[in-house]
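Here the structure is laid out as structure tokens; the discussion comes afterwards.
The values are calculated or read from the model by the stated rules, or taken from the named source; none is laboratory data. Not measured: the values here are computed from a predicted model. Cβ coordinates were reconstructed from backbone atoms using ideal geometry, including for glycine residues, and neighbour counts include every protein chain displayed. We work out accessible area using only protein heavy atoms, side chains counted, and drop any ligands, DNA or RNA first. Shrake-Rupley method; radii C 1.70, N 1.55, O 1.52, S 1.80 Å.
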Amino acid sequence: MARKRIREDDEAQIDITPMMDIVFIMLIFFIVTTSFVKEAGIDVNKPEATQAQQKPSATIFIAIRPNGEIWMDRRMVDVERVAANIERLVAESPTDTIIIQADKEAMHGRVMEVMDQIKAAGDYIITIAGEQ
């Protein structure tokens, strides 16, 4: 009988290429399905409201400071550019709700100007943020 001789050099090798392919595909899946929130970039003192509710689905926030500055996506914008910025942000992460975070000392007229710009950008649900 002839016996086969096994060499010690022929060790079993593990091919990790299929595992790396699966990990890469999962990474792409999670990046594509992730919803990114576009914060305003500043903190404001919101007015208190007893009936305030949390709206988790919004991804676009617009902050209005007491001096009238408007902040979107961590930068200050002019009131005339609010609609264009909304269109850009909605193209990046689609949503139908926009939250206005107006400081309690902000002028009502400035808030109305921002709301007009939101309506000019499209048919969005406008929510005013408040403290509970």
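Looking only at region 65-93, count every residue that is within 14 Å of D116 (Cα to Cα) and among the β-branched types (V, I, T) and tell me the total.
Selection size over region 65-93: 4.
Looking for something touching a helix residue (DSSP H, G or I) at 6+ places or on another chain (Cβ under 6 Å) and modelled with pLDDT under 90 - is there at least one such residue anywhere in region 51-62?
yes
Which one is most open to solvent (accessible area, probe 1.4 Å) among residues in region 91-103 that are assigned to a loop (DSSP other than H, G, I, E, B) and touching a strand residue (DSSP E or B) at 6+ places or on another chain (Cβ under 8 Å)?
Selected residue: D96.
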